[in-house]
1. Can you work out the Karplus-derived ³J(HN,Hα) for every residue in region 39-53? Use 6.51 cos²θ - 1.76 cosθ + 1.60 with θ = phi - 60°, whole Hz, and x for glycine or proline.
2. How high is the relative contact order of region 21-115, given as a whole-number percent (alpha carbon pairs under 8 Å, six or more residues apart)?
3. Could you calculate the contour length gain from THR35 to GLN76, that is, 0.36 nm times the residue separation minus the distance between their Cα atoms, to one decimal place in nm?
4. 5 Å is the cut-off here: which amide hydrogens, built 1.01 Å from N in the peptide plane, fall below it relative to ASN54, excluding neighbours closer than 5 in sequence?
5. How big is D, in µm² s⁻¹, for region 21-115 by Stokes-Einstein at 25 °C and 0.890 mPa s if Rh is the Kirkwood radius over C-alpha pairs?
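Just so it is clear, none of the values below were taken in a lab; they were calculated from the coordinates. What you see is a predicted model; the values in this text were computed from it and never measured.
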Amino acid sequence: MSEDHVVACPHCLQPMPSGLELFPDGFRVRRIGLTVKLPAQQFHLLQTLYKARNRFVTRGHLIYDLWVNRDQEEPQQALNQISVIASLLRKKVAPLGVTIYRERGSGYQLRIDPSKRGFSATTVAPESCYGQKAT
């Protein structure tokens, strides 16, 4: 395996159970033997949702992660752009058994189909690591 991709929680470095692999250098995602190349904004949205591990991520948090945190100016239509980016991403990752779910008032959530190979529904990533940096 190459060292340029994330197969573990970016905070505690514990293995993530989804079988989803993110390759930041090439903006690629892989699962169940399929690899999809994504535009940068779609990859960053997926990466943010991936880090949240089944929690909803608000649109405000996504705006921060996609623009402000990357030293880019937030576009005037950022809320609309989040919807467009999520819609395009949803179509590209569907063959991987990955769903980008939106709930009004809560935000977006990454869902991974456990019936697809490479995922154990009984395996759960450690909750204690969320938001903590690896040492």
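1. Karplus values, whole Hz, x for Gly and Pro: x, 3, 4, 5, 4, 5, 4, 4, 4, 5, 5, 4, 5, 6, 6.
2. Values: 113 pairs, mean separation 26.7, N = 95.
For region 21-115, the relative contact order is 28 percent.
3. Values: separation 41, 0.36 × 41 = 14.76 nm, distance 3.28 nm.
Extending this stretch completely gives an extra 11.5 nm.
4. LEU110
5. Numbers: Rh = 13.4 Å.
Translational D for this selection: 183 µm²/s.
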